[in-house]
Amino acid sequence: MKQLAIIGPTASGKSDLAIKIALKIDAYILSIDSLSIYKEIDIVSAKPSKEELSAVKHFGIDVLNPDEYFSVDIFIDLYKEVVETCKKDSKNLIIVGGTSFYLKSLMQGLSPLPKITPKIRQEVQENLKNLEESYNLLLNLDEEYMKKIDKNDSYRIEKALLIYRASNLTPTEWFLQNPPKPIIKEMSVFNIEVDRDTIRERISKRSLKMLEMGLIDEVAYLEHKYTRLPHSMKSIGIVEVLEFLDAKISKEQMIELISIHTAQLAKRQQTFNKTQFEGVISARLEELEEIILSQ
């Protein structure tokens, strides 16, 4: 089974290229996108169309409800399942998306967790009823680790507390003694290069297209069904629409802010993609198809 990854900033043409390549090399596609994983978040996430999804079998899309937590651990489990499916069906695999951190985690691996008994899990759940107290306890024990975690990030605070209770080691000590092991040994990574002006123009057009497709109605529906509390409701495209619905900004300002914030995200993605992968092959979109197929 052949595996490859296509990464690039948002609105760079990754999905279209992945489908073209998949059809030529008989591959399935695994999406690494932190929003497309959610059902019902369709317009904001710029998911592939129904036609595109039916042309090539996709995984990692419409897996969770918007109020369910998504983490790199969940993605790695999903990847392992997809690999087994590809082997069973004699297919190759293309990993594609903008959340390259998940790809890096696959290539670097995750540290194993200590054995967590039901009793420890129950005790931690009791502790977490006072999130601030739990956070401060961990901060006093392991400032180096906890200063990277927001004091309201209940998921990561829970994970740190479970490690401490189950191992009697601070998270920093645990991870030093249990370093990560790579899950993917070899993977060709192809990065789409796009100049700043082109990406800004594409983002601006896409933001307007999202509005025409019913962006405001989608966000209003999501807020009504799931409230504003889930992590997914704090994403670019949703936050700005909620500000518009609160009458804090005009529709024009909303679209402008979505474009600005998306362009800032694209810049961060480009920096990450260039610096975090060894041997990454970068080229313009129109050149990359030929490069990939010649490998």
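Are any residues in region 59-70 modelled with pLDDT under 90 and either surrounded by 16 or more Cβ atoms within 10 Å (Cβ to Cβ) or outside the structural domain of Ala22 (by TED's automatic domain parsing) (or both), and if so, which ones?
Within region 59-70, the subset modelled with pLDDT under 90 is 69-70.
Within region 59-70, Phe70 is the sole residue that qualifies.
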Of all residues making up region 161-172, the number that are part of a helix (DSSP H, G or I) and either without any contact (Cβ under 8 Å) to a residue 24 or more places away in the chain or of a type in the set (A, V, I, L, M) (or both): 4
Residues located in region 20-74, provided they are out of contact with any Leu (no Cβ under 6 Å at 6 or more places or on another chain) and on the phi > 0 side of the Ramachandran plot: Asp26, Glu40, Ala46, Asp62
Qualifying position, being modelled with pLDDT of 95 or more and in contact with a strand residue (DSSP E or B) (Cβ under 9 Å, 6 or more places away or on another chain), among Ala247, Ala283: Ala283
Of all residues in region 104-127 being closer than 29 Å to Asp33 by Cα and among the aliphatic types (A, V, I, L, M), the one that is surrounded by the fewest Cβ atoms within 10 Å (Cβ to Cβ): Leu113
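Residue by residue, here is whether (1) under 21 Å from Ser49 (Cβ atoms); (2) within 20 Å of the chain's Cα centre (by Cα) holds:
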{"residue": "Asp197", "(1), (2)": "no, no"}
{"residue": "Arg200", "(1), (2)": "no, no"}
{"residue": "Leu222", "(1), (2)": "yes, yes"}
{"residue": "Lys225", "(1), (2)": "no, no"}
{"residue": "His231", "(1), (2)": "no, yes"}
{"residue": "Ile238", "(1), (2)": "yes, yes"}
{"residue": "Thr271", "(1), (2)": "no, yes"}
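Those residues that are among the aliphatic types (A, V, I, L, M) and more than 14 Å from the chain's Cα centre (by Cα), I need them from region 28-43; list them, please. Before you say what the answer is, go through the steps one by one.
Just the residues of region 28-43 that are among the aliphatic types (A, V, I, L, M), to begin with: 29-30, 32, 35, 37, 41, 43.
Listed by number, the residues that qualify are Ile29, Ile43.
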Complete set of residues in region 1-32 that are among the charged types (D, E, K, R) and surrounded by fewer than 22 Cβ atoms within 10 Å (Cβ to Cβ): Lys2, Asp16, Lys20, Lys24, Asp26
Members of region 273-290 that are of a type outside the set (D, E, K, R) and loosely packed, with under 14 Cβ neighbours inside 10 Å: Thr275, Gly279
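Residue by residue through region 218-238, note down the ones that are within 16 Å of Ala46 (Cβ to Cβ) and not in a loop (DSSP other than H, G, I, E, B). Even if it seems obvious, please write down each step before you answer.
Looking only at region 218-238, we keep the residues that are within 16 Å of Ala46 (Cβ to Cβ), and these are 218-219, 222, 232, 235-238.
The answer is Glu218, Val219, Leu222, Ser232, Ile238.
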Helices (runs of 4 or more DSSP H) enclosed by region 69-160 - at least 2 residues per element that are among the basic types (Lys, Arg): 72-89, 118-127
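Please count how many residues of region 252-290 are in contact (Cβ under 8 Å) with a residue 40 or more places away in the chain, assigned to a helix (DSSP H, G or I) and either over 30 Å from Lys24 (Cβ atoms) or of a type outside the set (Asp, Glu) (or both). Show your work before the answer.
Here is the first cut: in region 252-290, the ones in contact (Cβ under 8 Å) with a residue 40 or more places away in the chain are 255, 258-259, 262-263, 265-267, 269-270, 272-274, 276-277, 279-285, 288-289.
Those left that are additionally assigned to a helix (DSSP H, G or I): 255, 258-259, 262-263, 265-267, 269-270, 272-274, 285, 288-289.
Pick out the ones that are also either over 30 Å from Lys24 (Cβ atoms) or of a type outside the set (Asp, Glu) (or both) and you get 255, 258-259, 262-263, 265-267, 269-270, 272-274, 285, 288.
So the answer is 15.
Counting only residues that are in contact (Cβ under 8 Å) with a residue 12 or more places away in the chain and either surrounded by fewer than 18 Cβ atoms within 10 Å (Cβ to Cβ) or farther than 19 Å from Glu81 by Cβ (or both), how many does region 35-58 have? Lay out the reasoning, then the answer.
Applying the first criterion (in contact (Cβ under 8 Å) with a residue 12 or more places away in the chain) to region 35-58 yields 35-48, 52, 55-58.
When the remaining residues are screened for being either surrounded by fewer than 18 Cβ atoms within 10 Å (Cβ to Cβ) or farther than 19 Å from Glu81 by Cβ (or both), the result is 35, 39-48, 52, 55, 57.
Matching residues across region 35-58 total 14.
State the number of residues belonging to region 13-31 that are outside any helix (DSSP H, G or I) and modelled with pLDDT of 95 or more. Quick ask: steps written out before the conclusion?
Here is the first cut: in region 13-31, the ones outside any helix (DSSP H, G or I) are 13, 26-31.
Checking which are modelled with pLDDT of 95 or more leaves us with 26-31.
The number of residues fulfilling the criteria is 6.
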Pair list, Cβ < 7 Å and 6+ apart or interchain, from region 188-217 residues that are touching a residue at least 60 places away in the same chain (Cβ under 8 Å) to residues that are in a strand (DSSP E or B) and of a type in the set (Lys, Arg): Glu193/Arg284
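The values are calculated or read from the model by the stated rules, or taken from the named source; none is laboratory data. Everything numeric here is computed off the predicted structure, so don't read it as measured data. Using ideal geometry, Cβ is built from the backbone for each residue, glycine included, and neighbour counts are taken over all protein chains shown.
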